[in-house]
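Q: The structure's right below; bear with me while I get my questions together.
Bear in mind that the values in this text are calculations on the coordinates, not laboratory data. This structure is a prediction, so every number in the text was calculated from the model and none was measured. In this analysis, Cβ positions are derived from the backbone assuming ideal geometry, glycine residues included, and neighbour counts consider all displayed protein chains.
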Amino acid sequence: MADPGPPPNAAEIMESVNDALQGLELEPHETSDILGFANRELPHLHTPEDSYFILGSYRDPYIRRLRIVQNELDKRLGTYPFLMGDLQELDIDRLPVFRIRFTLLAAHADTIVAVYEQDAGGEITELGKSSTTPYFDKSYVLPRDYRWMTEQNLDTEADVIAAAATIYFNDDLDEATTEEELDSLITAANKNDIDLAKPDIIERLEDRDDSEDAPVSYSWVHLNEFRLFELHGRCLAWSTPDNLRDVVAEIP
């Protein structure tokens, strides 16, 4: 098969790569491989279809939730939802290829959708990148069991349990601080006419111990990033697979 040659926007592509690699000088074959990746994958993002770049953990069971998001978006007419893991690899041993692939795909996708269920792994890197310019304005985060713990966000028992999980399973908090935060949460819930006692909350949290419904604990860094998206109307929290399907419907 004949070499298709460089894409028409090769200069723009390499400028993005240059920024991602902080001006690192590339070898000729590296530039060729990067442009080859762009030739294969970026044209799919420059069609009348709405493209959705889906981020999250590829480990089981988390990958199942990414597929839920992908399938729900694929049900819409004229969409192209994709995971980076489904695309062809960029095999350049010397370079940090994740940065290159992420930069090119995020820059050219119409929307970025990130699913979070833990505070470990590569997801924190993706969160940091998608919350910054130029990607922030087209990014949505979907964190499981997230609630910013303020009274106005405690409307139901589910809100209280989700907020309690963030406290109870947070390894960054010592026992005394955990007790204090739970007491404060219960006081706020009671002000909103939600009648839950601490022993009841703890019992319900400890029952959530199977692999499909493992408790979620986010770091303070995660919570602050989620809150930023929430303030801009682009944080869609969920708790079950069915609930995840519902929130995907809210993504434009």
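Q: So who's got an amide H within less than 5 Å of the one on Val113, skipping anything under 5 residues away but keeping other chains? H placed 1.01 Å off N, in plane.
A: Answer set, sorted by chain and number: Phe53, Ile54, Leu55, Tyr140.
Q: Tell me which lysines have Cα within less than 19 Å of Lys138's Cα, excluding those fewer than 8 residues away on the same chain?
A: Qualifying lysines at Cα under 19 Å: Lys129.
Q: Provide the convex hull volume over Cα atoms per residue for the range 7-87, in Å³.
A: Cα convex hull per residue, to the nearest whole number: 107 Å³.
Q: Could you give the longest part of the chain that holds none of the trypsin sites (Lys or Arg not before Pro) found in DSSP loops with at most 14 neighbouring Cβ atoms within 10 Å?
A: 95-252
Q: Taking amide H positions as placed in the peptide plane 1.01 Å from N, state which residues far from Asp145 in sequence (5 or more) or on other chains have amide H under 5 Å from it.
A: Trp238, Ser239
Q: Separate question: Between Val221 and Ala176, how many nm apart are label points set 7 Å from Cα along the C-beta direction?
A: 2.7 nm
Q: For the range 21-33, just list the computed ³J(HN,Hα) in residue order, Karplus coefficients 6.51, -1.76 and 1.60, θ = phi - 60°, integers in Hz, with x standing in for Gly and Pro.
A: My calculation for the range 21-33 gives 9, 6, x, 4, 6, 9, 7, x, 5, 5, 4, 4, 5 Hz in order.
Q: Still on this structure, I have one more. Tell me the label-point distance for the pair Thr31, Arg99, using the 7 Å Cα-to-Cβ offset, in nm and rounded to one decimal.
A: Modelled inter-label distance: 1.9 nm.
Q: Moving on. By how many degrees, 0 to 90 and rounded to 10, does the Cα axis of helix 220-231 deviate from the longest principal axis of the chain?
A: Taking Cα atoms only, the helix is inclined about 80 degrees.
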